[in-house]
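Nothing in this text is a laboratory measurement; each read-out follows from the coordinates by a stated rule. Quantities reported herein were computed from a predicted structural model and do not represent experimental measurements. Here Cβ is always computed from backbone atoms with ideal geometry, including for glycine, and neighbour counts include all displayed protein chains.
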Amino acid sequence: MDILLVEDEPHLAEQVSRALIQAGHAVTVAVDGPGAVKKATGSRCDLVVLDVNLPGYDGFEVLSRIRATRLPVRVLMLTARSEVGDRVAGLKAGADDYLTKPFALEELLARVDVLGRRNVAPEADIVYRIGDLCMDMGKRRVSRGDRPLELSPREFEVLQIFMKEPGRTFSRDEICERIWEREHEYDTRTVEIFIMRLRKKLDRPGEESVIRTIRSVGYMLNSAP
């Protein structure tokens, strides 16, 4: 993959960059917020590894500007271990994954590998239709009626789970297993954030939510949204 590493600490940036290159990736490094946005939006990259604490403006602002471009780039945020609020804020803002500092390089490479494998579309010719909700796997596009929906890569994957089996209830644990493949532990708050993000984009004012909460069990997609 083509990876943009955004890290202002020189020693850590060098370590991570070397490990990613040895794993077969192409790496570009940015050391501040403005430089990160310029590189992420000015050239094609598959993944941004983004630190929260940056000069210029922080990682949340960088993430916001990247998502505003609607580029289908994945974002792995690096957050301080003690800052639970940073992880929640990053996921709400559109991050696809997070990794807490300090971290082992092996774990970083595992996260990158999972995100990279998710770029492959094994069902390229399939189009799922549930009511007026449409998911085109080949074009990786989602629409509701005549309204196109801009989903992040991770939001797309979560919705795909429901589109493949409408009417079935999925527990939070099962969603975690399917999306993150047990590479690391996630609490239920992570799943709730992605469901919240999807509802914000899918639902219409005054109508029942496309994704229903089944109390004490999990979530399901209405068969006729």
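For the chain, what is the charge dipole size about the Cα centre, in debye to the nearest 20, if Lys and Arg each add +1 at the Cβ and Asp and Glu each add -1 at the Cβ?
For the chain, the charge dipole is close to 820 debye.
When only Cα pairs under 8 Å and 6 or more residues apart are kept, what is the percent relative contact order across region 2-117?
For region 2-117, the relative contact order is 23 percent.
Considering only Leu47, Leu115, Leu151, whose Cα is most displaced toward the positive end of the charge dipole of region 1-158, charges sitting on Cβ of Lys, Arg (+1) and Asp, Glu (-1)?
Checked the options; the winner is Leu151.
Let's see if you can work this out: charge +1 on each Lys and Arg Cβ, -1 on each Asp and Glu Cβ, no other charges. What is the dipole magnitude of region 1-132 about its Cα centre, in debye to the nearest 20? Please report the intermediate quantities before stating the final value.
Working: 16 positive and 20 negative charges, 67 e Å.
Charge dipole, region 1-132, about its Cα centre: 320 debye, nearest 20.
Tally Lys and Arg at +1 and Asp and Glu at -1 over the other residues with C-beta under 14 Å from the C-beta of His11: what net charge comes out? Walk me through the numbers on the way to the answer.
Details: positive: Arg18, Lys101; negative: Glu7, Asp8, Glu9, Glu14, Asp51.
Around His11, the surrounding residues sum to -3.
Provide the net charge surrounding Met77, with neighbours chosen by a C-beta distance below 10 Å and charges set as Lys +1, Arg +1, Asp -1, Glu -1.
Residues close to Met77 contribute a combined charge of -3.
Please get the size of the charge dipole for region 127-221, origin at its Cα centre, with Cβ charges of +1 on Lys and Arg and -1 on Asp and Glu, quoted in debye to the nearest 20.
320
Within the chain, what's the longest run with no trypsin sites (Lys or Arg not before Pro) in a DSSP loop and at most 15 other beta-carbon atoms within 10 Å? Give the range, please.
It works out to 82-138.
Which lysines, on any chain, are close to Lys101 with Cα under 22 Å apart, when same-chain ones fewer than 8 places away are left out?
Once the sequence-local lysines are set aside, what remains near Lys101 is Lys92.
Among DSSP beta bridges lying fully in the chain, give the percent that are antiparallel, nearest 5. Let's see the in-between values first.
Working: 17 of 36 bridges.
The answer is about 45 percent antiparallel.
Based solely on C-alpha atoms, express the radius of gyration and the Dmax of the chain in angstrom.
Cα-based Rg and Dmax for the chain come out at 17.7, 53 Å.
When only C-alpha pairs under 8 Å and at least 6 residues apart count, what is the relative contact order of the chain, in percent? Spell out each step's value before the answer.
Numbers: 350 pairs, mean separation 31.6, N = 225.
Value for the chain: 14 percent.
Given the options Met135, His25, Val217, identify the residue whose Cα lies farthest towards the positive end of the charge dipole of the chain (+1 on Cβ of Lys, Arg; -1 on Cβ of Asp, Glu).
Farthest towards the positive pole: Met135.
Connecting C-alpha atoms closer than 10 Å in a GNM of the chain, tell me which of Glu177, Glu106, Glu207 has the biggest fluctuation.
In this elastic network of the chain, the residue with the biggest mean-square fluctuation among Glu177, Glu106, Glu207 is Glu207.
Which Rg and Dmax, in Å, describe the Cα atoms of region 2-117?
Rg and Dmax of region 2-117, Cα atoms, are 12.6, 33 Å.
Go through Ile195, Gly206, Ser171 and say which Cα lies farthest out towards the positive end of the charge dipole of region 127-221; charges sit on Cβ, +1 for Lys and Arg, -1 for Asp and Glu.
In region 127-221, that residue is Gly206.
In whole Å, what are the extents of region 127-221 along the principal axes defined by its C-alpha atoms, from largest to smallest?
38, 31, 20
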